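Take a look at the structure set out below.
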Amino acid sequence: MRLAAIPFLLLLFCISCKEEQIPEDYTGYTETSFYISGLSKDGAWRDSLAKVTLNIPDGLDTFYNLRPASDLENQLQYRFGDKKYVQYAESGFYAAFAPDSLLQLTFMHDPMVDAKSRSSVSSLRPGDTAHLPTYLANHRTSCDHFAFIKKEYKTIHGRPFILTAFTSDCSIVSNKPTLVVGAITTLKKMHLFIVAESSARDTTGFIDRIEKSIRSIVITERK
């Protein structure tokens, strides 16, 4: 009887594998791509470090990138925003203007410089859920008031990610209560941070929509 049951169990296993491979329905999303840039050793811009392809929720219909003029401590940012909201490029530690509301999805990383002038980052591990979400929360809030909804390690298209979501009373951009959905991966031995922020009164479904977008991310690094 036990031997007779083995083929049936194998059949169930194969069926479950096929079900997991069914692609997600991205109706209501738009596939898009952009290129990650950075600085070479001589300070010149390179625009072909990596290509990022993903499905973006249709509401995020405006794309722009932010480059620091010279300060290498600033991060390069690639942002998808909603044209109905103020398109705001934060810079520095203090801002003279804060938008009333916020809805955006941003990719951020340090400028690419000589590896000798910065510490390199190894591939992510499950244990990194203990500190990287907190690091991200500290950098996206102007106070210590945040509460985590989730911290998770996940592999997406062969690349390890740390996924997180948290609420905060003080967004670093708007200084208002905000829901943040974040993801962290590595690119060229540095961290690549992905941050979606919403300060809308009703954020129902925001985490699911953004995480679905994150699950579609494909990063193709270039030499």
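Given the criterion crowded, with 18+ Cβ neighbours inside 10 Å and either of a type in the set (S, T, N, Q) or within 21 Å of residue 33 (Cα to Cα) (or both), identify the matching residue among 186, 220, 204.
Just a single option satisfies the conditions, and that option is 186.
Give, as residue ranges, the strands (runs of 3 or more DSSP E) completely inside region 139-223 that count at least 1 residues that are at pLDDT 90 or above and closer than 15 Å to residue 108 by Cβ.
159-168, 178-187, 190-198, 218-221
The values are calculated or read from the model by the stated rules, or taken from the named source; none is laboratory data. This one's a predicted model, so the numbers in the text were calculated from it and none came from an experiment. In this analysis, Cβ positions are derived from the backbone assuming ideal geometry, glycine residues included, and neighbour counts consider all displayed protein chains.
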